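Peer 1: Below you'll find the structure I mean.
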Amino acid sequence: MVGRRTAPVRLALDGGTPVRSEMLPYAHQTVNEADIEAVAEALRSVWLTTGPRVPEFERGLAAATGARHAVAFSSGTAALHGATVLAGLGPGDEAITTPMTFVATSNAVLYVGATPRFADVRADDLLISPDGVAAAVTARTRAVLAVDYAGHPPDYDALRAAVASAPGAGPVTLIADASHSLGATRDGRRVGTLADLTVLSLHPAKILTTGEGGAVLTDRDDLAERLRRFRNHGISSELAARRDWTYAMVELGYNYRLTDVAAALGSSQLTRLDEFLARRRSLAERYRTRLADHPAIDLPAVAPGVDPAWHFLFIRLRLDRLSVDRGAVYRAMRAEGIGVNVHYIPVHQHPYYRERYPGLSFPVAEAAYERLLTLPLHAGMTHRDVDDVVAALDKVTTAYAAS
Ligand SMILES: Cc1ncc(COP(=O)(O)O)c(C=O)c1O
């Protein structure tokens, strides 16, 4: 008996009544009428792109994070590309990153012709391990690209120290992939001020959205200027600042601009950032209270001094106490109307990476992956929704208890 029900109930998968009749998604944007009005106003304005709403949004993001500059991009992936270029990465260089992330993180290293070197994660919070980073440093290491997995920033000072302690280490840029962690803090310091370059994703699943969108946060004026150029074809002046037809392309760049329509949505969403974060934290707290001591579930650890943004809450199943694997629990939960997900398939296990970097093994990430489930968590949810997820977990783990 591993679940917490005394009498097993027929699972929805087997024809029983589901816990919820409509699927509770694992992530969802929170858009209100003020957001819609802000977007409509941008659509009625002169500038749909390269207008005043982008810098306005950037000023708002900088103020919200404490970074001196925010440079908006058309996606988090484009922003990551900007960060790897700005870190000076190129062919022959290496960047150390985590296998427990979305592929976009390490793909940004490949975009610039550099080589990703993975370091395994810590068993309790699945954040990149400083010891693993130290062991992966070579004379070619130019960057560490850490991920604030699930909204939890790692100890960037420890990562910096790990690199510095490794024999043969040269100067290294510390990049935070903070796609999950806008609003999180570590020892009172806000995400955006912990690394040299901090990358945000503003995809609808994230803490705050512009539809598609992203940003790089930095304190350095020179880096911010180059990022603005990079996202605009490498052209040194932005359209609104030009006096005549002339412009100068001074380096190879891309069109990675965020539109004013998207920026209008972002600025409107920013006014509710604290509200979004408070709701996520309250939902996470309820999960953690309701699932504490659950016999079939391990909860993630939260390091002292960290206030995560809780992009999602992951659990690890105690497979030794269940008669089925994670896939069966996933399918049973979905049938109960709970939109669980899995974050992430370790990057080195994707075919593209396997073919190019054969033989890699990261035992902690791989073992965690087999047991991982992401539970629904977004700012539109209520405590009652959390209780439904917990009820479904109890139901499914009881039905699948190891005998
Ligand atoms: C950790 C991480 N990095 C990068 C990205 C890419 O962001 P975007 O979808 O905005 O390009 C994501 C988005 O899923 C992500 O979760």
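Peer 1: What is the Cα coordinate range of the range 72-191 on the first, second and third principal axes, sorted by size from largest, in whole angstrom?
Peer 2: 34, 34, 22
Peer 1: Based on the mean of other beta carbon atoms within 10 Å per residue, what is the order of 322-334, 292-304, most packed first?
Peer 2: 322-334, 292-304
Peer 1: Using a probe radius of 1.4 Å on heavy atoms only, what accessible surface per residue do you get for the range 166-222? Whole Å² is fine. Kindly include the intermediate steps, with their values, before the conclusion.
Peer 2: Values: 1810 Å² over 57 residues.
Roughly 32 Å² per residue, with all protein chains present.
Peer 1: Putting +1 on Lys and Arg Cβ atoms and -1 on Asp and Glu Cβ atoms, find which of LEU273, SER129, ALA399 reaches farthest to the positive end of the dipole of the chain.
Peer 2: Selected residue: ALA399.
Peer 1: Another question about this same structure. Can you give me the three principal axis dimensions of the range 131-270 from its C-alpha atoms, in Å, biggest first?
Peer 2: Cα spread of the range 131-270 along its principal axes, largest to smallest: 53, 34, 22 Å.
Peer 1: Of TRP245, LEU227, ALA264, whose Cα points farthest to the positive end of the dipole of the chain (charges on the beta-carbon: +1 Lys, Arg; -1 Asp, Glu; origin at the Cα centre)?
Peer 2: Positive-end residue among those listed: ALA264.
Peer 1: Right, next: Express the relative contact order of the chain as a whole percentage, based on alpha carbon pairs under 8 Å and six or more residues apart in sequence.
Peer 2: Reported as a whole number, the value is 26 percent.
Peer 1: When ranked by the protection proxy of mean other Cβ atoms within 10 Å per residue, highest first, what sequence do the peptides 208-219, 268-279 form?
Peer 2: On the way: 208-219: 25.4, 268-279: 17.7.
Descending mean neighbour count gives 208-219, 268-279.
Peer 1: So what does ASP388 come to for accessible area, using a 1.4 Å probe and Å² rounded to 10?
Peer 2: Its heavy atoms expose roughly 40 Å² to the probe.
Peer 1: In degrees, nearest 10, range 0 to 90: what is the angle between the Cα axis of helix 76-86 and the longest Cα principal axis of the chain?
Peer 2: Between helix and principal axis, roughly 50 degrees.
Peer 1: Where does the range 290-360 land on Rg(C-alpha)/(2.2 N^0.38 Å)?
Peer 2: After normalising by residue count via 2.2 N^0.38 Å, the value is 1.41.
Peer 1: Provide the convex hull volume over Cα atoms per residue for the range 221-306, in Å³.
Peer 2: In the range 221-306, the Cα convex hull volume per residue is 199 Å³.
Peer 1: Now, a different point. Only Lys, Arg, Asp and Glu count, each charged at its Cβ (+1, +1, -1, -1), so figure out the dipole size of the range 238-348 about its Cα centre, rounded to 20 debye. Please report the intermediate quantities before stating the final value.
Peer 2: Values: 16 positive and 13 negative charges, 80 e Å.
The dipole magnitude comes to about 380 debye.
Peer 1: Angle, helix 156-165 long axis vs. longest principal axis of the chain, Cα atoms, 0 to 90°, nearest 10?
Peer 2: Orientation of helix 156-165: about 70 degrees from the principal axis.
Peer 1: Another question, then. Taking a probe of 1.4 Å, how large is the accessible area per residue of the range 244-373, in Å²?
Peer 2: Value returned for the range 244-373: 46 Å² of accessible area per residue.
Peer 1: At 4 °C and a viscosity of 1.567 mPa s, what translational diffusion coefficient does Stokes-Einstein give for the chain, taking Rh as the Kirkwood radius over Cα pairs? Give it in µm²/s as a whole number.
Peer 2: The calculation lands on 59 µm²/s.
Peer 1: Per q in 0.15, 0.16, 0.19 Å⁻¹, report the Debye log10 I(q)/I(0) for the range 1-126, using one uniform scatterer on each alpha carbon and no solvent.
Peer 2: These q points yield log10 I(q)/I(0) values of -0.98, -1.02, -1.15.
Peer 1: What's the center-to-center distance, using Cα atoms, between the range 167-223 and the range 311-338 in Å?
Peer 2: 31 Å
Peer 1: Now for a separate question. HN-Hα J couplings of the range 382-387 from phi, Karplus 6.51/-1.76/1.60, θ = phi - 60°, integer Hz, Gly and Pro as x?
Peer 2: 10, 4, 5, 4, 4, 4
Peer 1: Now for a different question. Over the chain, what percent of the accessible surface lies on carbon and sulfur atoms, probe 1.4 Å?
Peer 2: 52 percent
The values are calculated or read from the model by the stated rules, or taken from the named source; none is laboratory data. The structure displayed is predicted, hence computed values, not measured ones. Virtual Cβ from ideal backbone geometry, glycine too; neighbours counted across all protein chains shown. Remember, those area values only see protein heavy atoms, side chains included, never the ligands or the DNA or RNA. Shrake-Rupley method; radii C 1.70, N 1.55, O 1.52, S 1.80 Å.
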